[in-house]
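First comes the structure, then the notes that go with it.
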Amino acid sequence: MSDIQTPTSPTATSSAASTAPAPLEVARIRVPVRTTGSEIRAVKIVWQRELIRFFSDRLRMVTSLVQPFLFLFVLGSGLSKLTEASTGGLSLRTFLYPGVLAMAVMFTAMFSAASVVWDREFGFLREMLVAPVRRSSIVLGKCLGGATVAGFQGVIVIAIAGLVDVPYAPTLILAVFGIQLLLAFMITTFGVMMAARVRQMQSFMALTQMLILPLFFLSGAVFPATGLPTWLAVLNRIDPLSYAVDPMRRLVFAHLSIPAAARARFDPGITWNGWHVPTLLELVVVTALGLVFLGIAIAQFSRSE
């Protein structure tokens, strides 16, 4: 029995063709062109994010000031009774004040850099790195944000200068604030450089605790950088924090009325083979180290994540 084929009419063929789905168009993805304006905007957004994160965490703002206040008022007041006979009338709290200023900035800057590890653990860092902007802009925004936050913490310590017999001279306040910003930038870039390859927050916190206290104590923040054993003097000279503590102490002592002998003993300055390092060169060292750390951090983030 032969198959019976029903001829297809042209009308039916045309109707079937008209009802067939049209081919889907592939959506085109347009990647914005990198411009100077877009890079600056990326830096600004990352900077703002660091500030929003800090100011929304009031507990962090308070706890970051606990250690500086303990060193300044508890340790300084407690040891003043032991040293008042040999300081020429200089309060130990006044001597510790520049070091405490550096401590407030250092702790806050290092913990601000910890946000890099935190973002990596929760996957947010990967989303930032795939954005159509240079990774150097993201790193720079992180560093500037951390430096701004640390600088704000330093302002709080500057505000209590009168409680330790440091005068509120406008030139002193402005100069110390400027040095604090340089120090905050250097420490933040140092922290971001370390955080670039750390995968877990616990590891970063352990590394931070291992580095912060040696940097602080070796900087001369709690003792004069003169008459030290050779090994301690060498460590003091290679400690980056020393070149921020010393100019701040010079500024503070320049506004104090103390005997010349006490000034020479407690504010000897940093020397290189007997040559007194000028304040301007110390600030250049701090700035240069910050730029070097920033460059290393950018190079590390430029590798595949």
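Here F204 does not qualify as touching a Lys or Arg at 6+ places or on another chain (Cβ under 8 Å) and hydrophobic (A, V, I, L, M, F, W, C). Going by the conditions given, is F293 within 17 Å of L140 (Cβ to Cβ), surrounded by 15 or more Cβ atoms within 10 Å (Cβ to Cβ), at pLDDT below 85 and out of contact with any strand residue (DSSP E or B) (no Cβ under 9 Å at 6 or more places or on another chain)? When the stated conditions are applied, F293 does not pass them. Contact map, segment 195-219: residues that are over 14 Å from M106 (Cα atoms) paired with residues that are assigned to a helix (DSSP H, G or I) and small (G, A, S), Cβ distance under 7 Å, separation 6+ or inter-chain. Pairs shown: A195/A113; A196/A297; F204/A195.
Scanning segment 148-186 for residues that are touching a Lys or Arg at 6+ places or on another chain (Cβ under 8 Å) and among the β-branched types (V, I, T) turns up just one, V164. The set of residues from segment 228-261 being farther than 15 Å from F95 by Cβ and not in a helix (DSSP H, G or I) comprises L228, P229, D239, P240, L241. Here the condition is being β-branched (V, I, T), closer than 24 Å to A299 by Cβ, in a helix (DSSP H, G or I) and within 21 Å of the chain's Cα centre (by Cα); of I187, I179, it holds for I187 alone.
The set of residues from segment 109-162 being farther than 29 Å from T36 by Cα, in a helix (DSSP H, G or I), of a type in the set (A, V, I, L, M, F, W, C) and free of Cβ contacts under 8 Å to residues at least 60 places away in the same chain comprises V155, I158, A159. Restricting V192, V277, V198, V222 to those that are more than 24 Å from L79 (Cβ to Cβ) and more than 21 Å from the chain's Cα centre (by Cα) reduces the list to V277.
A search for C-beta distances below 6 Å between a residue of segment 280-305 that is free of Cβ contacts under 8 Å to residues at least 24 places away in the same chain and under 13 Å from A184 (Cα atoms) and any residue that is among the hydrophobic types (A, V, I, L, M, F, W, C) and surrounded by 14 or more Cβ atoms within 10 Å (Cβ to Cβ), counting only pairs 6+ apart in sequence or on different chains, returns nothing. Using the structure shown, decide if G220 is at pLDDT 85 or above and assigned to a helix (DSSP H, G or I). No: the conditions fail for G220. Residues in segment 169-192 that are more than 15 Å from R250 (Cα to Cα) and without any contact (Cβ under 8 Å) to a residue 12 or more places away in the chain: P170 alone. Against the numbered list (1) surrounded by 15 or more Cβ atoms within 10 Å (Cβ to Cβ); (2) under 30 Å from S136 (Cα atoms), I52 comes up short only at (1).
Would you pick out the residues in segment 264-288 that are surrounded by fewer than 16 Cβ atoms within 10 Å (Cβ to Cβ) and either more than 24 Å from V164 (Cα to Cα) or touching a Leu at 6+ places or on another chain (Cβ under 9 Å) (or both)? Of everything in segment 264-288, those that are surrounded by fewer than 16 Cβ atoms within 10 Å (Cβ to Cβ) and either more than 24 Å from V164 (Cα to Cα) or touching a Leu at 6+ places or on another chain (Cβ under 9 Å) (or both) turn out to be T271, W272, N273, G274, W275, H276, P278, L280, L281, V284, T287, A288.
The values are calculated or read from the model by the stated rules, or taken from the named source; none is laboratory data. Remember, predicted model here, so these are calculated numbers, not experimental data. Cβ coordinates were reconstructed from backbone atoms using ideal geometry, including for glycine residues, and neighbour counts include every protein chain displayed.
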